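*Asks:* The structure under discussion is supplied below as structure tokens; questions concerning it will follow.
The values are calculated or read from the model by the stated rules, or taken from the named source; none is laboratory data. The shown structure was predicted, so the numbers you read here are calculated from the model rather than taken from an experiment. Cβ coordinates were reconstructed from backbone atoms using ideal geometry, including for glycine residues, and neighbour counts include every protein chain displayed. Surface areas here come from the heavy atoms of the whole protein model, side chains and all, with no ligands, DNA or RNA. Shrake-Rupley method; radii C 1.70, N 1.55, O 1.52, S 1.80 Å.
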Amino acid sequence: RRMMQYKFYSPITGVIDYTGNDRLEYAAYFDYDPAEICGEDGEENFDYLSGEDIPQYARDINAAIQRDWEEMKMEEHGFMDSFLWGSRQAQISVYEKVKSALPKIEVVNDKAYAVTECSITSALAADEVETLKDFFAGQYSDGWGEGFEQHAIQTKWGALYVCFWPDDFMIETEEEFHDRISSATLSEGVTMGV
């Protein structure tokens, strides 16, 4: 039986600490006064990253995500390993259709997005899609596993923290995402008189 790929897109943000400081958690960069995080010279040495700033780090982030799943021994099924916990027992049909759900970073039009890529055996009904959206949103808000966004990824630039649960969080199917992106591009073209 051939697997189909199904993707869910959401925004992503991050912080990079050029000192390579990995003692803090992602939230610390928002919770503390920048002066408390700075080096002894008092200069700020970190930057907040938007989706437009992240493409250059995509390879490092995806490698770190892969390592994370391997360490948790969940690289085969990803999020689906914990799908049936709690009240989702009633949604066994979704679990039977979705064989794996793994997050990664994907760059679209020079902007990075979080993508949960699912391998499914048969088409999902509308309510099953909504069930998955809610489930993935919950995984992202918790930083999944041992709290992915609380771990710094060491890059050649510094310590990078990635947030899959930014303030503007939303989650869309691939179709919804591409429809929105196309209409945004079209409306920009109209306003610019292109």
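*Asks:* I'd like the residue in the stretch 53-72 that is modelled with pLDDT of 85 or more, within 20 Å of Ser119 (Cβ to Cβ) and not β-branched (Val, Ile, Thr) and, out of all such residues, is nearest to the chain's Cα centre (by Cα).
*Replies:* Here the answer is Asn62.
*Asks:* For the stretch 99-136, how many residues meet the condition of being among the basic types (Lys, Arg) and over 18 Å from Met4 (Cα atoms)?
*Replies:* 1
*Asks:* I'm checking my understanding of the structure. Among residues of the stretch 28-52 that are more than 17 Å from Tyr18 (Cα to Cα) and modelled with pLDDT of 90 or more, which one is surrounded by the fewest Cβ atoms within 10 Å (Cβ to Cβ)?
*Replies:* Top of the filtered list is Glu52.
*Asks:* Return the pairs, sorted by first residue and then second, in which the second residue is open to solvent by 10 Å² or more (accessible area, probe 1.4 Å), the first residue lies in the stretch 1-15 and is closer than 15 Å to Leu124 by Cα, the beta carbons are less than 6 Å apart, and the residues are 6+ apart or on different chains.
*Replies:* Going by the 6 Å Cβ cut-off, the qualifying pairs are Met3/Ser119; Lys7/Glu117; Lys7/Glu174; Phe8/Ile171.
*Asks:* Hey, among the residues in the stretch 135-189 that are of a type in the set (Gly, Ala, Ser), at pLDDT below 90 and assigned to a loop (DSSP other than H, G, I, E, B), which one's most open to solvent (accessible area, probe 1.4 Å)?
*Replies:* Gly145
*Asks:* Turning to a different aspect of this structure: Select, from Ala101, Ala112, the only residue that is surrounded by 20 or more Cβ atoms within 10 Å (Cβ to Cβ), of a type in the set (Gly, Ala, Ser) and under 17 Å from Ala63 (Cβ atoms). Talk me through it step by step, then tell me what you get.
*Replies:* Details: Ala101 fails: under 17 Å from Ala63 (Cβ atoms).
Going through Ala101, Ala112 in turn, the sole match is Ala112.
*Asks:* OK, next. Go over the candidates Leu124, Leu132 one by one and state the one that is open to solvent by less than 50 Å² (accessible area, probe 1.4 Å), hydrophobic (A, V, I, L, M, F, W, C) and part of a loop (DSSP other than H, G, I, E, B). Break it down into steps so the answer makes sense when it comes.
*Replies:* Working: Leu132 fails: part of a loop (DSSP other than H, G, I, E, B).
Just a single option satisfies the conditions, and that option is Leu124.
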